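The values are calculated or read from the model by the stated rules, or taken from the named source; none is laboratory data. Everything quoted here is computed from the prediction, not taken from an experiment. So basically every Cβ, Gly included, is an ideal-geometry build from the backbone, and we count neighbours across all protein chains shown. Surface areas here come from the heavy atoms of the whole protein model, side chains and all, with no ligands, DNA or RNA. Shrake-Rupley method; radii C 1.70, N 1.55, O 1.52, S 1.80 Å.
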Amino acid sequence: MGSLVLLLVLIPLVGSISIDYYTKRQVILETEKKLSTGGNAFFTAKELKADEVLMKLKNKTIADGVSNSNSYAPSMHFFRAKPIIDNSSIFRIIKALPKGSVLHLHNNAAVSSEWIIKNLTYRPEAKLCEHQGQIFFTVRKTEYCPEESLKSIQTLRARNGSVELFDAWLESFINLKKVDPKLIHADINTVWMEFEKMFSVVRDLLNHRPFFEAFHMQLLKEFYEDNVLYIELRIALSKLYDFDGKTYDEAQVTTILANLIESFKQSNPGFVGAKVIFSKHRGIDSGTAQDLLKSFVKLNKEFPKLVVGFDLVGQEDINKPLTTFLDELQQFRQTTPYFFHAGETNGYGSEADLNLIDAVLLDTRRIGHGFSLYKHPVLRKMIKSGGIALEICPISNQVLRLVDDLRNHPAVSYVSESIPIVISADDPGFWDSKGVSYDFYYALMAIAPSTTGIGFLKQIVWDSVRYSSLTSEERTEYSEILQPKWEQFLDDLIAGKFV
């Protein structure tokens with residue numbers, strides 16, 4: 001193939017060489033395919049058959065979209081497209097796909113908002129308070145929720161004329177889809193402001209130990225049911241409290257989480273496990289950053305198989321760039337694996353955009369989002385040669401106003417160059433999603449080439465194993481669990497079980 005490409009380059013210089021126009025065209029197409037994600041994947045005979053089935057459905061979906069663009073889900077905003085996606089054969093296939101790992105997930109926004117409302121707020125201890133115009137869920141009085149402002153959610157629900165309307169009202173505080181639709185079309189800062197408020201709404205509720213435990217068991221359950229076998233959670237490990245006033249520090253919270261994960265593994269065969277990327281908001285000062293990095297080192301030593309990395313989170317456009325903490329990050333660089341959010345912006349040359357450079361220079365293991373990377377050709381080469389995977393979260397980038405039509409997502413260019421990517425869900429509970437299947441749907445139907453099916457899915461699934469924080473021995477064991485699930489998926493696809 002390389003000699004053919006070279007021949008095409010030399011054609012204008014060698015007048016005596018004559019190659020048919022369509023031959024040249026085919027060489028270009030085949031070469032580009034080989035260079036893209038999944039384009040160079042080895043196919044077994046079974047995978048070739050499965051690809052035929054998948055591509056028949058994909059091609060039909062695309063063709064139907066050309067004739068009726070108003071109902072073409074891959075080009076639509078998720079809030080409009082979800083009912084169409086739910087009823088599609090492609091989505092049934094994606095749901096059944098063993099998706100490997102989810103490597104970019106914020107714990108407090110990972111569980112479906114409906115579950116929180118229908119379960120946690122139905123517990124008798126759940127309360128609601130309003131402070132300075134904002135609603136909070138909790139079970140106790142706090143500095144912003146004095147005793148007199150606390151109201152039993154159970155009592156409020158009983159007094160309301162419609163339980164369904166009351167629950168929908170509660171859910172609107174933790175689900176962007178249920179907010180005023182005009183918000184969807186607002187500027188980035190407005191959406192981010194509403195988005196970050198939602199973390200505040202549930203934070204104290206989820207820091208109540210019984211609720212924390214129930215919530216995280218549900219988190220593992222929702223992703224396991226979505227055929228995810230391994231998770232890396234961004235989590236702050238904030239202090240928990242019991243109703244009797246007992247509190248739990250970071251190490252104790254980590255122990256509670258470790259026990260939850262182990263319990264879930266024991267009762268759910270094939271689930272590989274979960275690890276923690278210790279994450280704090282980037283609005284901190286330098287002194288706090290140093291203290292947090294010291295905390296990570298301590299937690300990592302005490303829980304080396306669970307607490308595996310460090311990250312700074314929050315809207316990059318309006319918060320501090322990585323350079324603010326450069327001295328501290330450099331100081332802990334040898335002892336702390338970094339997994340930085342970087343380039344989650346439409347800026348070019350802005351501090352948020354240039355976080356990408358600092359993330360790479362600080363030896364980040366992966367990059368959260370990397371949305372603006374397409375503007376940096378030198379950095380793209382460094383990332384590809386360095387084997388740094390991008391954690392792509394399609395629906396998040398759309399809901400938070402970075403891109404409207406996901407066919408225009410920058411990940412399209414990363415796929416065309418085979419820059420390593422993994423598909424993740426980010427904060428699915430806050431935008432009426434569940435698990436990671438919807439993100440995989442958009443990855444296949446909007447980001448991958450229209451000519452690519454099983455090869456693309458195979459690459460991103462197995463790359464989610466390769467670019468995880470698991471040890472080489474753990475990855476080997478993981479692969480041995482994943483392979484038969486992949487084979488069964490292929491058998492079911494060929495047998496037509498999803499049509």
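Structure data summary
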| read-out | value |
| --- | --- |
| Hits in region 158-183 - residues which are assigned to a helix (DSSP H, G or I), in contact (Cβ under 8 Å) with a residue 24 or more places away in the chain and open to solvent by less than 40 Å² (accessible area, probe 1.4 Å) | D167, L170, E171, L176 |
| Matching entry among S279, S263, S295 (being buried (at least 20 other Cβ atoms within 10 Å of the Cβ), at pLDDT 95 or above, on the phi < 0 side of the Ramachandran plot and not in a loop (DSSP other than H, G, I, E, B)) | S279 |
| Within region 453-499, tally of residues that are open to solvent by 30 Å² or more (accessible area, probe 1.4 Å), of a type in the set (V, I, T), part of a helix (DSSP H, G or I) and in contact (Cβ under 8 Å) with a residue 12 or more places away in the chain | 2 |
| Which numbered condition Y374 fails, given (1) in a loop (DSSP other than H, G, I, E, B); (2) farther than 30 Å from L292 by Cβ | (1) |
| Residue among R157, R203 that alone is under 30 Å from S468 (Cβ atoms) and charged (D, E, K, R) | R203 |
| Those residues of region 26-47 which are free of Cβ contacts under 8 Å to residues at least 12 places away in the same chain and either in a helix (DSSP H, G or I) or more than 25 Å from R92 (Cα to Cα) (or both), in sequence order | Q26, L29, A45 |
| Residue in region 186-193 that is more than 19 Å from H106 (Cβ to Cβ) and assigned to a helix (DSSP H, G or I) present | yes |
| Residue count for region 395-438, restricted to those that are touching a Lys or Arg at 6+ places or on another chain (Cβ under 6 Å) and either open to solvent by 30 Å² or more (accessible area, probe 1.4 Å) or modelled with pLDDT under 95 (or both) | 1 |
| Those residues of region 304-331 which are under 14 Å from I277 (Cβ atoms) and open to solvent by less than 30 Å² (accessible area, probe 1.4 Å), in sequence order | L306, V307, V308, G309, F310, D311, L312, V313 |
| Pair list, Cβ under 8 Å, 6 or more apart: region 215-229 residue modelled with pLDDT under 95 and crowded, with 23+ Cβ neighbours inside 10 Å, other residue assigned to a helix (DSSP H, G or I) and small (G, A, S) | none |
